[in-house]
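Worksheet: one structure, shown below.
The values are calculated or read from the model by the stated rules, or taken from the named source; none is laboratory data. Nothing here was measured: the structure is a model prediction, and the numbers come from that model. Neighbour counts run over all protein chains shown; Cβ positions are idealised from the backbone, glycine included.
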Amino acid sequence: MFDEAGQLLAATWMEYVVPHTSQAARKLETVIVEVPSEHGPLGARGVGEPPVIPTAAAVANAIADATGVRLVDLPMTPPRILAAISSS
């Protein structure tokens, strides 16, 4: 978050202001999709999973940046990281 002059306003999470619902669109349209998924149990579709999808990739990239080795299997435990470093 920067001001008009380009000055950083929120350098840490302590200063960062979380957006409120009052800043969101005033009118939301709800669309109910009644088409079962062929992948989910009993045709269910996932709702809360999308935010966790990039997490493992971000952690893997951080490990690769710090160590120079690329892990592709989960969980990325300290023993697996050490083994990957040892074998590189």
Specify which of the listed residues (Arg45, Arg26, Arg70) is surrounded by 10 or more Cβ atoms within 10 Å (Cβ to Cβ), at pLDDT below 80 and out of contact with any Cys (no Cβ under 6 Å at 6 or more places or on another chain).
Arg45
Please tell me if Pro19 is in a loop (DSSP other than H, G, I, E, B) and surrounded by 10 or more Cβ atoms within 10 Å (Cβ to Cβ).
no
Considering every residue within segment 44-57, establish whether at least one is over 20 Å from the mean Cα position of the chain (by Cα) and free of Cβ contacts under 8 Å to residues at least 12 places away in the same chain.
yes
Check Val31, Val59, Val35 and return the single one that is surrounded by 10 or more Cβ atoms within 10 Å (Cβ to Cβ), modelled with pLDDT of 80 or more and of a type in the set (Val, Ile, Thr).
Val59
Per the filter on segment 25-60, residues more than 29 Å from Leu71 (Cβ to Cβ), part of a helix (DSSP H, G or I) and of a type in the set (Ser, Thr, Tyr) are none
Pairs returned, first residue in segment 62-88 that is under 24 Å from Val52 (Cα atoms), second residue that is modelled with pLDDT under 95 and among the aromatic types (Phe, Trp, Tyr), beta-carbon separation under 8 angstrom, 6 or more apart or interchain, are none
